[in-house]
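The values are calculated or read from the model by the stated rules, or taken from the named source; none is laboratory data. Note that the structure is a prediction, hence the values are computed from the model and not measured. Glycine gets a Cβ as well: all are built from the backbone with ideal geometry, and neighbour counts include every protein chain shown.
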Amino acid sequence: MNASASAEDYVTGRADTLADFHALLTRHAPVPAALTNRHGDRFSAVLSQRQLDTLTLAVVDHSDGDLIAARTATDIRVNPSTAYLMVVPVTSGVTLAQAGRRLTLDVGQIAVASLGMPHLMQFPAAARTFTVIIPQPQLDLPSALLRDMLASPLPHDRPAVRIAAAVLRELAETFTELDGQTGIQLARHVIALTQTGLADAAGVRTGGRGTRDLTLLSDIIDDLLTRLSDPGLTPQAIADAHPFRSADSMPCSMPKGLR
């Protein structure tokens, strides 16, 4: 197992056995899970993980194995978390099971899971998967609404869902390249876009702070809708085109994740 880290909270590591990969995740992942491989000892994987502001972003490339990652009730007692996990398949489908639901995500789809509840993810051989851990306080949405969406397909016909999915897929390819300030700005955009996408998927509009969020994001969404086919549309371009104002100039009702 080889692993390295930088001062910018970036970790990359390669594992050639399942045991080494589990050790890598146990050392670096915020909420490690139990791992099994249905193909026996044949296994290799590369982890790229980075902390951007309050988000933990990770890409796992693995081959030679049908990997299953399960977070059990015991794991939750040992390493409790209230955060949410956005799951973004990049090259192959991913199966997600939680709250009595089971969903197979295709490339281009996204789903949400709760790290505070038992869940299982199954990855086929030769898969690249991107995940984003978002702290619960950053998502200004009712917990009951989020519970109803766990391991459920987010409807791709909803504009905000498509935009969030497109940004997350691009972020999977570029998050290791972003400079510090751009990364922080983009992390705040990602939180806001994810929140808007989840609300749009549920067909609701939040009141109070959430309504202000949607107003704040309207110019970003309009810009993205007109530029989805632009080859120059990257996370850094989005962050540069729509810089957030300073915290002191923002309305007091803005969510913590946007300050």
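Does Arg102 meet the test of being of a type in the set (D, E, K, R) and more than 13 Å from the chain's Cα centre (by Cα)?
yes
Assess whether Arg128 counts as being among the basic types (Lys, Arg), in contact (Cβ under 8 Å) with a residue 40 or more places away in the chain and under 16 Å from Thr196 (Cα atoms).
Judged against the criteria, Arg128 is not a match.
Return the total of residues in the stretch 34-66 being of a type in the set (A, V, I, L, M), without any contact (Cβ under 8 Å) to a residue 60 or more places away in the chain, within 21 Å of Leu96 (Cβ to Cβ) and surrounded by 15 or more Cβ atoms within 10 Å (Cβ to Cβ).
Residues flagged as of a type in the set (A, V, I, L, M), without any contact (Cβ under 8 Å) to a residue 60 or more places away in the chain, within 21 Å of Leu96 (Cβ to Cβ) and surrounded by 15 or more Cβ atoms within 10 Å (Cβ to Cβ) within the stretch 34-66 amount to 3.
What residue, of Arg188, Arg162, is crowded, with 20+ Cβ neighbours inside 10 Å, among the charged types (D, E, K, R), farther than 28 Å from Thr104 by Cα and modelled with pLDDT of 75 or more?
After applying the criteria, what remains is Arg188.
Which count do you get for residues in the stretch 143-172 that are more than 20 Å from Ile220 (Cα to Cα) and free of Cβ contacts under 8 Å to residues at least 24 places away in the same chain?
Within the stretch 143-172, residues that are more than 20 Å from Ile220 (Cα to Cα) and free of Cβ contacts under 8 Å to residues at least 24 places away in the same chain number 2.
Exactly one of these conditions fails for Thr131: (1) part of a helix (DSSP H, G or I); (2) closer than 21 Å to Asp61 by Cα; (3) β-branched (Val, Ile, Thr). Give me its number.
Just one mismatch for Thr131, condition (1).
Of the residues Leu85, Leu120, Leu168, which is in a helix (DSSP H, G or I), modelled with pLDDT of 90 or more and surrounded by 15 or more Cβ atoms within 10 Å (Cβ to Cβ)?
Leu168
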